[in-house]
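Undergrad: Mind looking over this structure? Questions follow.
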Amino acid sequence: MTMKLKTLHTLSRWLGLLSILLAIPAWMLVVQISGLPKFILPSPMDVWARFLKALTDGSLLYHTGVTLVEILLGLLVGVCFATIIGYLLAKSRSLEKILSPYLVASQAIPVVAIAPLLVIWLGGGILSKVVICSLIVFFPVLVNTVVGVRAVSSSLYDLMGSLRATRWQILWKLELPASLPVLLGGLRIGATLSVIGAIVGELVDAQEGLGFLLQLGDFQYDTSMVFVAVFMLVILALSLYGVVTLLEKRFLKWQK
Amino acid sequence: MNPKPILSVRDLTVTYPDNNGGLDALDNISFEMHPREFVCFLGPSGSGKTTFLRVLAGILPPTSGRVSFMYQHRQNIGMVFQQANLMPWRTVMENIMLPLELRGAGKIKMENMAREMISLVGLKGFEGSLPRDLSGGMAQRVAIARALIHDPDLLLLDEPFASLDALTRERMWMELSRIWQAKQKTVIMVTHSINESLFLADRVLVLTKRPGKIKLDLKVDLPRPRTDDMRYTSHFGKLAKKLRAAIE
Ligand SMILES: Nc1ncnc2c1ncn2[C@@H]1O[C@H](COP(=O)(O)OP(=O)(O)OP(=O)(O)O)[C@@H](O)[C@H]1O
Ligand SMILES: [Mg+2]
């Protein structure tokens with residue numbers, strides 16, 4: 001019985017990889033049958049060759065690095081602002097009343113739509129991308145912070161009060177660990193959104209980054225390059241997701 | 001006995017805000033306590049016993065009236081809540097160490113004291129367990145250990161033994177009496193059990209239905225140490241009867 005369960009478990013772990021591997025011959029088949037030219041639908045071999053070329057001439061790593069820095073800086077700034085403001089909002093009903101109309105209204109503006117404006121104001125460099133990332137990350141992390149901090153059990157506040165804990169002790173030893181599950185949930189959403197933010201910014205105007213590669217490939221009918229850039233983005237997003245999952249495994253052992 | 005009270009409560013009234021004018025939980029409570037005294041509060045559910053403890057602990061400000069402490073006793077309180085109230089992300093050991101941690105004690109000292117408390121409440125072998133893996137009674141014993149570890153002068157206990165089995169409960173009574181006598185503590189304990197209050201207390205106060213007023217202030221003049229056999233004496237019976245009559 002347990003043996004069977006175990007084999008099933010390992011099988012399901014390999015299933016994802018298997019389905020990806022199966023997708024490649026299917027893709028080749030589509031290329032073969034449709035007979036589409038390379039600049040419309042490159043074959044997996046074309047993409048692989050393009051990948052190796054971009055890797056060896058160093059351009060791929062460079063542009064991936066630029067985008068990663070934008071994503072991480074944007075995430076950092078967005079998460080910092082969102083958790084600080086979210087914490088204050090969670091603690092003060094009057095501050096919430098004052099700020100929430102602006103926050104809700106700001107959510108009606110899609111960041112994608114104001115990205116060109118931000119690029120005009122802040123230039124085509126890294127700054128505009130970081131700002132776009134942090135704006136897109138801000139709201140979901142803010143909401144999670146408010147929800148997480150509000151959910152801290154009032155009887156644990158009583159406990160800390162009876163022990164004469166200081167504000168800082170309450171923050172570090174109660175509020176932070178108690179709301180961590182929800183905070184990490186916010187980070188998980190934020191990490192994925194940050195990738196989108198960086199690409200949106202780069203597509204508007206950039207001289208470097210994966211979004212730039214994407215557009216360059218597009219202009220030069222180098223469709224294989226577009227595929228490579230898209231795959232790199234997927235890998236970036238998955239890695240960030242994986243980091244958050246690791247954090248959850250490390251810090252939320254007590255939950256399950 | 002020291003004539004100067006360690007704690008004095010004057011005309012304490014607590015009203016919780018609600019939609020229609022507020023909900024009175026406590027009404028004009030006045031009471032004094034001497035150092036080393038053990039006082040039990042009895043009263044029907046909702047009579048404001050927990051509310052009273054929260055005011056004494058300084059967690060809840062009184063709506064009116066005054067609570068004053070001699071010395072700095074208010075700085076050093078151990079409280080056991082009606083529910084165990086453990087931090088789910090901390091192990092048994094870490095939960096028990098919390099009061100010392102907040103006072104900035106060293107790690108070695110904290111661990112040694114925590115181990116001592118763990119064996120006192122009979123939880124050896126569960127040092128590294130998480131609260132989710134404990135039974136209700138075990139969790140409550142962790143809470144008791146946590147309330148005692150920093151050697152507080154004033155202990156506030158909100159039905160601390162309600163979720164324990166009879167055997168453990170009686171062992172905890174003995175332990176509590178012993179600690180109370182050895183360490184010169186002042187204890188206020190809320191309970192629903194007349195037996196428990198007569199076994200432990202110097203004085204039992206009975207509260208009325210909400211809003212709580214003091215209905216009876218009964219001195220328990222049974223000799224100490226108290227034993228199981230006392231339960232069958234006529235004096236114990238007389239005291240129990242008085243209490244029962246006062247509780248609606
Ligand atoms: N935080 C609160 N906000 C509003 N009302 C409250 C609050 N806490 C308690 N009350 C109300 O105050 C009254 C007294 O509550 P309290 O918890 O002090 O009673 P208790 O004597 O401890 O009852 P029990 O024996 O059931 O524990 C109850 O009617 C309760 O509904
Ligand atoms: Mg209560």
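Undergrad: Quick one: is B:Val67 at pLDDT below 90, open to solvent by less than 50 Å² (accessible area, probe 1.4 Å), within 16 Å of ligand 1 (Cβ to nearest atom) and outside any loop (DSSP other than H, G, I, E, B)?
TA: yes
Undergrad: Now a separate question. Quick one: in segment B:143-163, of everything that is within 14 Å of B:Gly122 (Cβ to Cβ) and open to solvent by 10 Å² or more (accessible area, probe 1.4 Å), which residue is farthest from ligand 2 (Cβ to nearest atom)?
TA: Out of the qualifying residues, it is B:Leu148.
Undergrad: Then there is this: May I ask you to say which residue of B:Ala245, B:Ala240 is more than 19 Å from B:Glu37 (Cβ to Cβ) and open to solvent by 60 Å² or more (accessible area, probe 1.4 Å)?
TA: Exactly one residue qualifies, and that residue is B:Ala245.
Undergrad: Moving on. Hey, does segment B:16-36 have a residue that's free of Cβ contacts under 8 Å to residues at least 40 places away in the same chain and of a type in the set (Phe, Trp, Tyr)?
TA: yes
Undergrad: Something else: With the requirement that a residue be buried (at least 19 other Cβ atoms within 10 Å of the Cβ) and either in contact with a Pro (Cβ under 9 Å, 6 or more places away or on another chain) or closer than 16 Å to B:Ala143 by Cβ (or both), what does segment A:137-161 give you?
TA: A:Gly148, A:Leu156, A:Asp158, A:Leu159, A:Met160
Undergrad: Among the helices (runs of 4 or more DSSP H) lying completely within segment A:1-111, list those that include at least 3 residues that are among the β-branched types (Val, Ile, Thr) and open to solvent by 70 Å² or more (accessible area, probe 1.4 Å).
TA: Result: A:2-34.
Undergrad: Here are B:Ile108, B:Ile59: which of them is within 16 Å of ligand 2 (Cβ to nearest atom) and open to solvent by 30 Å² or more (accessible area, probe 1.4 Å)?
TA: B:Ile59
Undergrad: Restricting the search to segment B:17-49, which residues are closer than 26 Å to B:Ala246 by Cα, open to solvent by 50 Å² or more (accessible area, probe 1.4 Å) and within 12 Å of ligand 1 (Cβ to nearest atom)?
TA: B:Leu23, B:Asp24, B:Ser45
Undergrad: Within segment A:184-194, can one find any residue that is open to solvent by 50 Å² or more (accessible area, probe 1.4 Å) and either under 18 Å from B:Glu94 (Cα atoms) or within 14 Å of chain B (Cβ to nearest Cβ) (or both)?
TA: No, that holds for no residue.
The values are calculated or read from the model by the stated rules, or taken from the named source; none is laboratory data. These numbers were taken from a predicted model, which means no experiment stands behind them. We place every Cβ from the backbone using ideal geometry, glycine too, and count neighbours over all the protein chains shown. Side chains included, ligands, DNA and RNA excluded: accessible areas come from the protein's heavy atoms. Shrake-Rupley method; radii C 1.70, N 1.55, O 1.52, S 1.80 Å.
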